[in-house]
Amino acid sequence: MKLFSSFSGILISGAIAVHLLLTAILFSSILMYVEKSYKDQFIDNVRTTSNMLANQSAIYLDKNDKTIEGFLDELLLSGTITHAEIEIKNAGTYLPQETSNSGVSFQEDFFFSQHDDNTYFIAAPIHTQKLNGVLKIGFDETLIQENIDTTYARGIYLATGYVVLVIILILIFIPRLTSSLRLLKSAAQKISSGNNNKSLKINTRIDEFTSLINSLETMRLSMLQQHKEVERKEIYIREITNRMADAMIVMNKEMIIQSLNSSAEKIFGFKSSEVTGTKFEKFSHHVHLKQIAITVKNCI
């Protein structure tokens, strides 16, 4: 493809690829860090809350059974707790009276979403002067998971917007950055085709391009000087040959006439422009010229 064979195309595709890679690494790292922070904060809050509730349960256990069951009902009605029960050693289990648990069996968790049941189960010890037990409580993970999903969605939107903005800026600025190089390429092609009379005037703020332009301008001036020197020598040689009394025919190794001097034009009756580019054998209609042509051909 032409896009990947041009300097601008390589710069554009390379810059986009680098930004895509860095954006993916950066945003995925940030989102994973945010996700971990959400989960760690949730677990810390759960542990703190469960210990506090265990201490409250110890107070209610010193009263009567109806008070502790009502306490468990209040926990379930809070909205953030889906399971609550108190297991007393050698004395049975207290369950909520008016509300029911989520129906998920208690499995203590040690990290977020361990058993894929949207509930973080934790057991907090209860100690009183008379009883020892465990508060088994389950906290709803749904809200935290929704926050994590929302964060990922917003992160993807933000990353996509950033990439689109970067691509637009790349497509705007890289062609401008390489415009001097394209003008330089066009000027070099003109010089190589022999059109070296016009000086290079390309405005750029890039030092490397400025140095390249100056070098090309120096080369152009040198070629122009050499061309003028060759033309001067050709005119000088042409004047010498035209002043010669002897006829002179200039040919290449294929015996094709390149030019005639003035004496040759007078002797043979042809203008130099009329026979230039023709075979000498066609021009040599005289017998002695044919012999010269054969002799010259044998010598080449």
Task: Qualifying chymotrypsin sites (Phe, Trp or Tyr not before Pro) in the stretch 1-56, DSSP loop, other Cβ atoms within 10 Å at most 13 - done: PHE4
TODO: Work through the residues other than SER263 whose Cβ is under 11 Å from its Cβ and net out their charges, Lys, Arg +1 and Asp, Glu -1.
DONE: 0
Task: Estimated [θ] at 222 nm from DSSP helical runs (n ≥ 4, -39500 (n - 2.57)) normalised by residues in the chain, nearest 500 - done: -21000 deg cm²/dmol
TODO: Round to the nearest 0.05 the FRET efficiency obtained for ARG238 and LYS271 when R0 = 22 Å and r is the Cβ-Cβ distance.
DONE: 0.95
Open item on the list: Under 13 Å from a point placed 7 Å out from the Cα of LYS279 along the Cα-to-Cβ direction: which residues of the stretch 251-268 have their backbone N that close?
Closed with: 254-257
Open item on the list: Starting from the 7 Å offset along Cα-to-Cβ, what nm value, one decimal, do you get for the label separation of SER193 and LEU221?
Closed with: 2.5 nm
Open item on the list: What is the sum of charges, Lys and Arg at +1 and Asp and Glu at -1, for the other residues whose Cβ falls under 9 Å from the Cβ of SER113?
Closed with: -3
Open item on the list: At R0 = 41 Å, how high is the FRET efficiency between GLN41 and ILE172 if r is their beta carbon distance? Nearest 0.05 is fine.
Closed with: 0.45
Task: Estimated inter-spin distance, THR23 and ALA91, nm [label 7 Å along Cα→Cβ] - done: 6.2 nm
- [ ] For the stretch 7-166, evaluate the Debye formula with one uniform point scatterer on each Cα (no solvent term) and list log10 I(q)/I(0) at q = 0.12, 0.15, 0.21 Å⁻¹, rounded to two decimals.
- [x] -0.62, -0.81, -1.26
Task: At R0 = 35 Å, FRET efficiency that the Cβ-Cβ distance of GLU74 and TYR157 yields, to 0.05 - done: 0.30
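Taken together, the values in this text are just the output of simple stated rules run on the coordinates, not laboratory data. Keep in mind that this is a model prediction, so the values were computed, not measured. Reconstructed Cβ throughout: ideal geometry from the backbone, glycine too, with neighbour counts over all protein chains shown.
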